[in-house]
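Asks: Please read through the structure below; I'll follow up with questions.
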Amino acid sequence: MITFTSRMDVERSMMFDQEYEPELQMDVEEKRELLEVCRGQVVYIFFDGRVIGETYGATPAELYAHEDKKIPGVNKNENNSVYCYSTTIVGAYQGFGFGQLLKAYWLGLCKARNFKRVVGHATNDAAAKLNNKFGAVWFQGKHYANWYGTQRTAHYYEIEL
């Protein structure tokens, strides 16, 4: 059975940060602060009672209100947008369509909250393919090498809702 929730202890959600390089991992307090900024734009997916994925985001203005949350290439005045900060599925569950289910659910919540678009960055092929399923538009000149000190290149996208 697949279920979704918007509430979970931050400590429990730290398993998702382990899927990334150390430069992209947050500690508990950093993640707690970020999720507070996201104010309800947080979704977790469960499969047979086990949490396997998370996605969350906030408006650019909310992110920019916190000094350490500046995102390259994102206009802080995009009032009708939500920035998808992360979509993560635990490694053992990747490749089975759970990311698509999670993203679809989250995009539906964003639309229900009257957002007009989702903006974000994809840093690998799997993320790009996932966002393409929802009509992502990619922008030349809006890609960033060495994303937050990693070997990743981040590519900016928008999805109209």
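Asks: In a GNM of the chain with a 10 Å cut-off on Cα contacts, which of 82, 119, 74 has the highest mean-square fluctuation?
Replies: Of the options given, 74 has the highest mean-square fluctuation.
Asks: Quick one: dipole size for the chain, taken about the Cα centre, charges +1 on Lys/Arg Cβ and -1 on Asp/Glu Cβ, in debye to the nearest 20.
Replies: On the way: 18 positive and 20 negative charges, 152 e Å.
Around 720 debye, computed over the chain.
Asks: A follow-up question, please. Just to be sure I understand: if I project the alpha-carbon convex hull of region 9-96 onto a plane and average over all orientations, what area do I get in nm²? It would help to have the intermediate numbers written out before the result.
Replies: Details: hull surface 26.0 nm².
Mean shadow area of the hull around the Cα atoms is 6.5 nm².
Asks: Want the number for residue 32 to residue 61: 0.36 nm per residue separation, take away the alpha-carbon distance, what's left? Working shown, then result.
Replies: Details: separation 29, 0.36 × 29 = 10.44 nm, distance 1.83 nm.
Length gained, residue 32 through residue 61: 8.6 nm.
Asks: Turning to a different aspect of this structure: Could you identify which residue out of 117, 12, 32 has the top mean-square fluctuation in a GNM of the chain using Cα springs shorter than 10 Å?
Replies: 12
Where a number appears in this text, it was derived from the coordinates with a stated rule and is not lab data. All values reported here derive from a predicted model rather than from experimental measurement. Cβ: placed from backbone, ideal geometry, glycine included. Neighbour counts: every protein chain shown.
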